[in-house]
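One structure below.
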Amino acid sequence: MGKPKVMVAVSNEASIESLVTLACQLCRGMGADLTALHVVEVPLVTPLDAQEETIDHRGKDLLAQAQRVAEKFSQPLSAELLRAREVGEAIVGVAKEQGVDLLVMGHHKPHTHTLGDTFLGGTVRYVAHHAPCRVIVQIPAP
């Protein structure tokens with residue numbers, strides 16, 4: 001059996017420090033490899049393979065921040081940027097593809113007011129129900 005794999009899904013600057021710190025601590029305890037994933041949600045009107053660098057710019061910045069946090073823990077981190085129509089499906093797909101053992105992600109205050117989204121955001125809910133591994137969801141303190 002190979003080394004365990006932890007994947008941290010990063011989506012915004014506010015949560016990167018805490019999410020990657022948690023993932024690094026878990027990796028240390030598990031002796032695991034760490035991958036940071038950012039999924040760029042591309043609207044239907046834009047081709048997934050569009051050559052616009054601006055589409056990926058924010059994601060590249062977030063992954064660079066994740067790399068800096070991991071370096072504080074001397075934790076090697078591989079970074080992956082992916083374009084997709086649905087973020088949750090993309091995260092689950094990568095987790096399956098890579099044989100991830102543990103997925104760490106954050107939940108942010110919902111922009112919608114549906115009851116389901118209030119308790120657990122749409123992307124987080126999808127990943128929690130479909131991921132091929134355990135999922136840790138970090139919810140920010142009020």
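Within segment 94-125, the residues that satisfy the criterion of being modelled with pLDDT of 95 or more and not in a strand (DSSP E or B) are V94, A95, K96, E97, Q98, G99, V100, D101. Within segment 31-51, restricting attention to residues that are surrounded by 10 or more Cβ atoms within 10 Å (Cβ to Cβ) and at pLDDT below 95, the residue that is nearest to V8 (Cα to Cα) is V40. Residues in segment 63-74 that are of a type outside the set (G, A, S) and surrounded by fewer than 20 Cβ atoms within 10 Å (Cβ to Cβ): Q65, Q67, R68, E71, K72, F73. Return yes when S15 is among the hydroxyl-bearing types (S, T, Y) and surrounded by fewer than 16 Cβ atoms within 10 Å (Cβ to Cβ) and no when it is not. No.
The values are calculated or read from the model by the stated rules, or taken from the named source; none is laboratory data. Just so it is clear, the structure is predicted and the values come from calculations on it, not from any experiment. Cβ: placed from backbone, ideal geometry, glycine included. Neighbour counts: every protein chain shown.
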